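Colleague: Below you'll find the structure I mean.
The values are calculated or read from the model by the stated rules, or taken from the named source; none is laboratory data. Values in this document were obtained by computation on a predicted structure and should not be read as measured data. All Cβ positions, glycine included, derive from the backbone under ideal geometry; neighbour counts span all protein chains shown.
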Amino acid sequence: MTEKRSTATTAAVAPPPPLRFIPEWIRLPSKGVCPLCGLSRSFIYGLITASDENGHSPPVRSVSLRSKGALRGVRLVHYESLMAYIGKSEAA
């Protein structure tokens, strides 16, 4: 009879390494949370989308890069704008 061993560990998870440089733009995570700021994709998307809640003026800058005639593109978020929003929320 063979004995099954658990692969689970109780060791602490190490934090991500510090950034070597501060990016100007970051890509929205495809799913889950952003590894740079810890916010979910849906929360970030709410910050970059114009709505009645934000007076149709999104608090975080973003840009969509798309080739001419393409149906899909890449959404980039201005990192400094996102960090400024988080900083304002912390002060409030």
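Colleague: Quick test of your reading of the structure: THR9 fulfils all but one of (1) surrounded by fewer than 10 Cβ atoms within 10 Å (Cβ to Cβ); (2) modelled with pLDDT of 95 or more. Name the failing condition by number.
Modeller: The number of the failed condition is (2).
Colleague: Any idea how many residues of region 59-77 are within 23 Å of SER89 (Cα to Cα) and assigned to a loop (DSSP other than H, G, I, E, B)?
Modeller: 3
Colleague: A follow-up question, please. Which pairs turn up if I take residues in region 63-92 that are surrounded by 10 or more Cβ atoms within 10 Å (Cβ to Cβ) and look for partners that are among the polar types (S, T, N, Q) with beta carbon separation below 7 Å, at least 6 apart in sequence or on another chain?
Modeller: From residues that are surrounded by 10 or more Cβ atoms within 10 Å (Cβ to Cβ), the pairs are GLY73/SER64; ARG75/SER62; ARG75/SER64; LEU76/SER62; VAL77/SER62; HIS78/SER62.
Colleague: Identify all residues within region 39-58 that are part of a loop (DSSP other than H, G, I, E, B) and surrounded by 10 or more Cβ atoms within 10 Å (Cβ to Cβ); write none if there are none.
Modeller: Selection gives LEU39, THR49, ALA50, SER51, ASN54, PRO58.
Colleague: Restricted to region 12-33, and to residues that are part of a loop (DSSP other than H, G, I, E, B), under 15 Å from SER81 (Cα atoms) and not β-branched (Val, Ile, Thr), which residue is modelled with the highest pLDDT?
Modeller: Result: GLU24.
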